[in-house]
Amino acid sequence: MKVAGFTIIRNAIKYDYPVVEAISSILPICDEVIVAVGKSDDDTLQLIKSINSPKIKIIETIWDDNLRQGGQVLADETNKAFDAISKDADWCFYIQSDECVHEKYLASIKEAMLKYKDDKQVDGLLFNYVHFYGSYNYVGNSRRWYRKEIRIIKNNKSIRSYKDAQGFRKKDNSKLHVKLIDASIYHYGWVKPPKAQQAKQESFHKMWHDDEWMKKNIAQVEEFDYSQIDSLEEFKGTHPKVLQDRVNNQQWSFKFDSSQIKLSLKDKLLLAIENACGWRVGEYKNYKEV
């Protein structure tokens, strides 16, 4: 069984993306990792080269910043990385630049890939998600956070990155048939120094919206205000080893007061149902579990 990882990145240093950690977290179970490095305003290319693994294969790209509808440029770049994967790879492990896999899941991920490698009814593998917010000590626990997403797909080029590259679909727009596996993706996109987070917001939303929307909806401030969140809970687990230096070196302070939870009565009711039986009312699923 051959496994290829793939990811995209641009301006990793400027916006403080933990892309080295993201790539390093999947390297142990990958035979190659394709990194599509977009032309950047910083030394992102050298940063990726610093990983210094023979498994890393870099392709240099130029992002089309005119693709500002629905984050389409992210899917475009993701497809470039996917298409560069060796033809003899069986599975393709997609990791975004602000995600990590805990080493405790690597064995079960590999086991699932072996189990379903030759199953033609399975297009991909579905992961649970843990979304960190504000600091490495809190995770989102409200309905605003997506619970699952596809991160491993068969090496079938009829599969394409979908919309803003959060998931995948077939070229005919049909949903992938996937198996949920016993593993989680840790998402750190909302854990950055407040200045870096604000800069990221200003850059990131340009991939979705025009200049007029940006003026109306993105605050012109130096630091991101993490206090504007509905509900969080304290994280009781451990972080991936590859991310531990970032955890230890956090330079900003953030604490969430549980008495300040901002949920409507409707949201509290829906969350109670979800917590009681695991069913999320009205949940959007960009996949079909089999």
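Near the amide H of TYR162, under 5 Å away, which other amide H atoms are found, from residues 5 or more places off or on another chain, if H is placed in the peptide plane?
Result for TYR162 returns GLY167, PHE168, ARG169.
Which whole-number percent gives the relative contact order of the range 152-290, counting Cα pairs below 8 Å spaced six or more residues apart?
Once divided by the residue count of the range 152-290, the mean separation gives 30 percent.
Could you please report the charge total around TYR116, scoring K, R as +1 and D, E as -1 over all other residues with beta-carbon less than 12 angstrom from its beta-carbon?
Summing Lys/Arg as +1 and Asp/Glu as -1 gives +1.
Mind ordering 118-130, 244-256 by average Cβ neighbours within 10 Å, highest first?
Highest to lowest by the protection proxy: 118-130, 244-256.
Amide H neighbours of GLY5 under 5 Å, at least 5 residues apart or on other chains, H built in the peptide plane: list them.
ASP31, GLU32, VAL33, ILE34, PHE93
Just need the relative contact order of the range 84-192 here, percent rounded to a whole number, with Cα pairs under 8 Å and 6+ apart.
Worked out over the range 84-192, it gives 41 percent.
For the range 1-61 and the range 103-135, what is the separation of their Cα centres, given in Å?
Taking the Cα centre of the range 103-135 as reference, the centre of the range 1-61 is 20 Å away.
For VAL242, what charge total do you get from the other residues with a beta carbon under 14 Å from its beta carbon, if Lys and Arg give +1 and Asp and Glu give -1?
-2
Each residue of the range 70-82 in order: what ³J(HN,Hα) in whole Hz does its phi give by Karplus 6.51 cos²θ - 1.76 cosθ + 1.60, θ = phi - 60°, with x for Gly and Pro?
Result, ordered by residue: x, x, 4, 4, 5, 5, 4, 5, 4, 5, 4, 5, 4 Hz.
Compute the relative contact order of the chain as a whole-number percentage, counting only Cα pairs closer than 8 Å that sit 6 or more residues apart in sequence.
21
Under the rule of -39500 (n - 2.57) per DSSP H run of 4 or more residues, summed and divided by the residues of the chain, what mean residue ellipticity at 222 nm is obtained, to the nearest 500 deg cm²/dmol?
Per the formula, -7000 deg cm²/dmol.
In whole Å, what three semi-axes, largest first, describe the equivalent ellipsoid of the range 28-166 built from its Cα gyration tensor (square root of 5 times each eigenvalue)?
23, 21, 18
Once the mean 1/r over all distinct Cα pairs of the chain is inverted, what Kirkwood radius in angstroms do you read off?
19.9 Å is the Kirkwood radius here.
Quick check on packing: order 261-269, 105-113, 89-97, 233-241 by the mean number of other C-beta atoms within 10 Å, highest mean leading.
89-97, 105-113, 233-241, 261-269
Readers should treat all values here as calculations from the given coordinates under stated rules, not as data from a laboratory. Note that the structure is predicted; figures quoted are calculated from it, not measured. FYI the Cβ positions are ideal-geometry reconstructions off the backbone, even for glycines, and counts take in every protein chain you see.
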